[in-house]
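What follows is calculated from the coordinates using simple rules that are stated; it is not laboratory data. Note that the coordinates shown come from a computational prediction; the quantities given were computed from them, not determined experimentally. When we count neighbours, we look across all protein chains shown, and the Cβ atoms used for this are built from the backbone with ideal geometry, even at glycine.
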Amino acid sequence: MPARSIITIPTYIFIPPIYDALYKIEIVGSDGTAYDITDIILEGEIVDGATDTIGNFNFTIDNSSQTYQNKFSGNEVLNFYCDYAKTAATKRFRGRTEKVNYTENTIKLTGRGESLKLLKLSVTKSSSDIETSVILTELFQAYTSGFTYNNINVSSANVTINWYQKPMMECIQELCKMSGFDFYIDADLDVHYFESGSITNSTEGAVHTQNIFETGEFAYDQSQIANRVIVYGANIGDLPLIKTAEDLTSQTIYGIRELIINDSNITTETQAQERADYELALAKDPPLVGDITCKGLATLQPGEKIWISDPDNNLQPNTYKIVSYRHKFEDFHETILTIEKEPQKIYHIIRDRISTEQKITEMPNPYEMKYSWNFDFNTDSGTHSTTQIINGVLKSTASSGTWISSVKSLSSNATACELRAIGETISGTNFYVSSDNGVTWQTISLNTSLTLSPPGQNLKIKIILNSADTQIDSLCLLHKK
């Protein structure tokens, strides 16, 4: 009886879509007119990805007929539609033009995805032991408009955060790192927040002999390893806040590789340890990096996994996470996939250095005030009743005294304010603020937000000093309109 092998060898058969990817690209002007530029594109590309990638695009279009002269000036909406069908009807990407360059016969359009708006917003928020999807939803509700939240999934991570005027996109990336989730905004302005690697696109695939044009070098990049993470938070008084996370297994294999993080938004031991732990989890093992160029993929969205098979280049049949991708349009549509994680390039280093330097500078403005009115008391000002300004301080000449500032006239109504003071023996001093030139006074406590009632354009401050020992060295009224 002949011997037979009982080993089962898995077989993978990729069945490509019956159509090639059909696409349409349009520019929507400020008046709502949609211009289909698909057939006049000379060259261009759309880049998109999850979490760390802000989508962007650039196109050069033929304008030899001068049909589009002065039609675009910036802030137009670009829509990219793509389907495996006879018509392209599904919107896959949306962005806005930022730069329009006219030459004699061409127009170059450059812009970024709608998530660019998140780079322009600063966030001030504190939460203790709150689940990350709750924090993310609250951020969008408080700081944005026009977005929906139908695809925000619940994570298993409760975190403590303390952000002072931090770019919203950085806050979202921090939530993603702490939860192991990915984030992007789709072409319909809906927010997606989902476990990293949890979504597989069953339509798409990149397979040798079928739709792969080129496979770049793939390797585990040890240059990105960090197996000892040291976090320096804000000083508590004059004392440092330091936490460390280490992975001994990684250190044994690759040697000790340190990552130093300075972040003044971290103000508690819990925050510092959480940050160290999740940065270590991300960096202790080398990532697989590399690119694949294939025929245009119609349905791919940020953060998805797709089936890839290219054994000749050591890519065995499996699902691989696509961190970012680039649709390139020239003679035909091709898609360039970046798998797992981008290789570290010089711009990553510069970006991370700038980000670190920004975090080192403390900017505590918890109530997001927009303006300040400062007094250093180096010169006499305001009106006195048994008070005086001398040698750079405001103090009483008796057991008590009252000082009222001059008026600060604004161009529009102030709606809220915060008062800060530096000096000696301030406890027991009474502070007041007026928004109507002293007609109405409201009591205000130091370092707290006060809603002005009524809102007004003419600010005044009143201080009643109840001790001859009280000295105020400087005073600042923060306010917003």
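List of remarks:
- Using R0 = 56 Å, the C-beta based FRET efficiency linking residue 145 and residue 252 works out to 0.65.
- Sequence-distant lysines (8 or more away, or on other chains) whose Cα lies within less than 28 Å of residue 284: 166, 177, 243, 305, 321, 341, 345, 359
- One decimal place: the segment residue 128-residue 415 gains 100.5 nm when fully extended, by the rule 0.36 nm per residue minus the C-alpha distance.
- Label-to-label distance, nm, for residues given as residue 195 and residue 89 (7 Å Cα→Cβ offset): 3.4
- Each label was represented as a point 7 Å from its Cα along the Cα-to-Cβ direction; for residue 158 and residue 331 these points are 6.0 nm apart.
- Ordering 284-291, 372-379 by mean Cβ neighbour count within 10 Å, with the highest value first, yields 284-291, 372-379.
- Whole-percent pair-distance distribution, where bins are 10 Å wide, for the alpha carbons of the chain: 4, 15, 20, 20, 17, 12, 7, 4, 1, 0, 0, 0
- Converting phi to 3J(HN,Hα) with the Karplus coefficients 6.51, -1.76 and 1.60 and the offset θ = phi - 60°, the range 161-171 yields 10, 8, 10, 10, 6, 9, x, 4, 5, 5, 4 Hz in sequence order, with x at every glycine or proline.
- Across every direction, the projection of the convex hull enclosing the Cα atoms of the range 222-286 has a mean area of 4.1 nm².
- The share of C-alpha pairs in the range 125-244 whose separation exceeds 23 Å stands at 50 percent.
- Relative contact order (%) - the chain, alpha-carbon pairs under 8 angstrom, separation at least six: 12
- Computed over the range 371-480: relative contact order in percent, which uses C-alpha pairs under 8 Å that are six or more apart: 38
- Extension gain for residue 66 to residue 43 (0.36 nm times residue separation, less C-alpha to C-alpha distance): 6.5 nm.
- Distances between placed amide hydrogens fall under 5 Å for residue 92 paired with 80, 81, 82, all partners being 5 or more residues away or on another chain.
- Calculated mean residue ellipticity, 222 nm, the chain: -4000 deg cm²/dmol, from DSSP H runs (n ≥ 4) at -39500 (n - 2.57) each, averaged per residue and rounded to 500.
- In percent, rounded to a whole number, the relative contact order of the range 78-228 is 19, using alpha-carbon pairs under 8 Å and six or more apart.
- Evaluated over the range 371-480, the Cα radius of gyration and Dmax, each in Å: 13.1, 38
- Sequentially through the range 21-30, phi angles give Karplus couplings (6.51, -1.76, 1.60; θ = phi - 60°) of 5, 9, 10, 9, 10, 10, 10, 9, x, 5 Hz, Gly and Pro residues having no value and appearing as x.
- Anchor residue 370: aspartates and glutamates whose Cα lies under 19 Å away (excluding residues fewer than 8 positions away in-chain): 362, 418
- Here the average projected area of the convex hull drawn through the C-alpha atoms of the range 121-195 stands at 4.3 nm².
- Extreme residue, positive dipole direction of the range 371-480, given options 433, 477, 458 (C-beta unit charges): 458
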